[in-house]
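The values are calculated or read from the model by the stated rules, or taken from the named source; none is laboratory data. Everything numeric here is computed off the predicted structure, so don't read it as measured data. Note: ideal-geometry Cβ built from the backbone for every residue, glycine included; neighbour counts use all protein chains shown. For the accessible areas, the whole protein counts, side chains as well, though only heavy atoms, and no ligand, DNA or RNA atoms are used. Shrake-Rupley method; radii C 1.70, N 1.55, O 1.52, S 1.80 Å.
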Amino acid sequence: MSVLNHPIKRSLLSRRRRVRQSVGLIFLLSLALVYLPKTYAEELKIGYINSIRIRTEYKEFADAQAKFDKEIADYQKQDSALRIEIDSLARLLESQSLLLSEAKRKEKEQQLGAKKLAYRKFFDEVFGPDGKVEKKNAELTKPILDKINVVLEKIANTDGYAFIFDAVNGNLAYAKKTYDLTDKVLSELNK
C-alpha cells in the first residue's frame, strides 16, 4: 500500500457519489413533474442557485475560503516535507543496503517504517474523515451556510418556491416541508 494516499482520490470518489445522488434526485423530480396533474404542476415553482457564484461573490464566504486555503497550504507544506523525508530515507536505505550490516539495515528499515507510520497518522489526523481540514472547513462555513439557508427559505416562502436546486452540483438546496415524504415512507415500511 502506498504511503501517499492523496485526498484527491477520496474527493473523486465522494464527487462521483454526489453526482449519482444528484442525477437520481433530478430524475425522480422530473418523473414526478411528468405525472403530476397539469393544474398541480403549474403551481409547483422550482428555482436554482449557482453556489460557485455565491462562494466567490459573497465577501464573507470569500474571506472564509481565503483563511481555509491558507491553513490547507500550511498542512500541504507539512505533508510535502514528511513525504520528502520518507522518500530520501528510502533512497538512502536502497543505495546503502548492500554496504550495511544486517543489524544496521534492520535499524534503518525500522526507522523508515516508523516514519511511514507517523506520516499515515499525520495524514489521517489532518486530511482523513473528521480530520482537522474537515473540521476547520465546517467551523468556517457553518455560520455562512446557516445564513444562506435562512435567505433561501425566506425567498422560497416569499416567492412561492417549492424546490430550489444548486445548479453546480444538482443538489437540493431548499425543499418545502410539505413535499417531505419521509413520514409516509416510514409509516408504510413499519406496517
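Remarks
Conditions tested, residue by residue: (1) open to solvent by 80 Å² or more (accessible area, probe 1.4 Å); (2) among the β-branched types (Val, Ile, Thr); (3) in a helix (DSSP H, G or I).
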site: TYR119; (1), (2), (3): no, no, yes
site: VAL126; (1), (2), (3): no, yes, yes
site: PRO129; (1), (2), (3): yes, no, no
site: LYS142; (1), (2), (3): yes, no, yes
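- Matching residues in the stretch 66-104 - criterion: being open to solvent by 60 Å² or more (accessible area, probe 1.4 Å), over 33 Å from the mean Cα position of the chain (by Cα) and in contact (Cβ under 8 Å) with a residue 12 or more places away in the chain: LEU92, GLN96
- Residue check, GLU153 closer than 22 Å to LEU44 by Cα and open to solvent by 90 Å² or more (accessible area, probe 1.4 Å): yes
- Residue match in the stretch 102-117 (condition: within 30 Å of ALA64 (Cβ to Cβ) and of a type outside the set (A, V, I, L, M)): no
- The stretch 129-186: number of residues that are in contact (Cβ under 8 Å) with a residue 12 or more places away in the chain and under 18 Å from ASP69 (Cα atoms): 7
- Hits in the stretch 84-100 (condition: under 15 Å from ALA114 (Cα atoms) and at pLDDT 90 or above): ILE84, GLU85, ILE86, ASP87, SER88, LEU89, ALA90
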